[in-house]
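Novice: Take a look at this one; I'll ask things after.
The values are calculated or read from the model by the stated rules, or taken from the named source; none is laboratory data. Quick caveat, the model's predicted, so the values are computed rather than measured. Neighbour counts run over all protein chains shown; Cβ positions are idealised from the backbone, glycine included.
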Amino acid sequence: MKKFLLMSVLYALLVLPSLAAREPNAARGVKRAVAMFVAYNFFYIFVVLVVWMSMEG
């Protein structure tokens with residue numbers, strides 16, 4: 001599980017921009033990519049603080 005959490009950063013770097021690239025409008029695609037990265041970072045912080053810390057104990 002820990003390895004997947006660490007590898008998810010690499011997956012996000014590949015998947016999120018490819019999803020945003022499908023947007024026909026370039027400016028909207030950049031905004032979508034930034035929004036997805038921000039949402040991913042908040043989710044990642046939550047998972048690390050809750051799940052990772054519960055695995056330590």
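Novice: Could you list, in sequence order, all residues of region 6-37 that are closer than 29 Å to residue 52 by Cα and of a type outside the set (A, V, I, L, M, F, W, C)?
Specialist: Across region 6-37, the qualifying residues are 8, 11, 17, 18, 32.
Novice: Just checking, does region 1-9 include any residue being of a type in the set (A, V, I, L, M), outside any helix (DSSP H, G or I) and touching a residue at least 12 places away in the same chain (Cβ under 8 Å)? If you could, list the steps in order and put the result at the bottom.
Specialist: Narrowing region 1-9 to residues of a type in the set (A, V, I, L, M): 1, 5-7, 9.
Still in the running and outside any helix (DSSP H, G or I): 1.
Those left that are additionally touching a residue at least 12 places away in the same chain (Cβ under 8 Å): 1.
Checking region 1-9: at least one residue is of a type in the set (A, V, I, L, M), outside any helix (DSSP H, G or I) and touching a residue at least 12 places away in the same chain (Cβ under 8 Å).
Novice: Any chance you could count how many residues in region 14-57 are part of a helix (DSSP H, G or I), over 15 Å from the mean Cα position of the chain (by Cα) and small (Gly, Ala, Ser)?
Specialist: Residues in region 14-57 being part of a helix (DSSP H, G or I), over 15 Å from the mean Cα position of the chain (by Cα) and small (Gly, Ala, Ser): 4 in total.
Novice: Going residue by residue through region 35-51, is there one that turns out to be β-branched (Val, Ile, Thr) and at pLDDT 95 or above? Before you say what the answer is, go through the steps one by one.
Specialist: Filtering region 35-51 for residues β-branched (Val, Ile, Thr) gives 38, 45, 47-48, 50-51.
Okay, now just the ones that are also at pLDDT 95 or above, so 38.
Among the residues of region 35-51, at least one is β-branched (Val, Ile, Thr) and at pLDDT 95 or above, which makes the answer yes.
Novice: Something else about it: Pairs, please: C-beta under 9 Å, at least 6 apart or cross-chain, first residue within 16 Å of residue 40 (Cβ to Cβ) and in region 11-29, second β-branched (Val, Ile, Thr) and surrounded by 13 or more Cβ atoms within 10 Å (Cβ to Cβ)?
Specialist: What qualifies is 20/30.
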